[in-house]
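Let me begin by presenting the structure, written as structure tokens, before commenting on it.
Every number in this text was worked out from the coordinates using simple rules, so none of it is lab data. These numbers were taken from a predicted model, which means no experiment stands behind them. Cβ placement follows ideal geometry from the backbone for every residue including glycine, while neighbour counts extend to all protein chains displayed.
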Amino acid sequence: MKADYIRIYADVTNVDLYPNSSIAEKKYIKDNLIKVAVKFFERRIKVNRREYPILVTSDVCDNYIASPVIPNDHVKNGVQNSDFVIYVNLVNN
């Protein structure tokens, strides 16, 4: 099997749920910080690609202080066309 560049899916749904940031800050986080970081790693990491969806359990983040909400579709059907999934969440410092 030939290695290919990693496909990263960054779920930013939880960013919109954070009440302490402005719309402009949320847009900057989603459209600049996360997209740039994902592209950076996608251009540098090679993996043996997955041919099936990544299945996520809803309790995968229960041990963390700021657990993100996992979309039901990811639990039921998995995340298609990805090799790695990141759930982005915002917290207070």
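If the segment from ASN72 to ASN48 were pulled out straight at 0.36 nm per residue, it would be longer than the present Cα-Cα gap by 6.0 nm.
When you count, for each residue, the other Cβ atoms within 10 Å and take the mean per peptide, how do 32-38, 68-74 rank with the highest first?
68-74, 32-38
Peptides 42-54, 8-20 ranked from most to least packed, by the mean per-residue count of other Cβ atoms within 10 Å: 8-20, 42-54. Taking the range 30-60 and a reference point 7 angstrom along Cα→Cβ of LYS2, the backbone N atoms nearer than 18 Å belong to 43-51.
Note on the chain: semi-axes of the ellipsoid equivalent to its C-alpha gyration tensor, largest first and rounded to whole Å, are 25, 18, 10.
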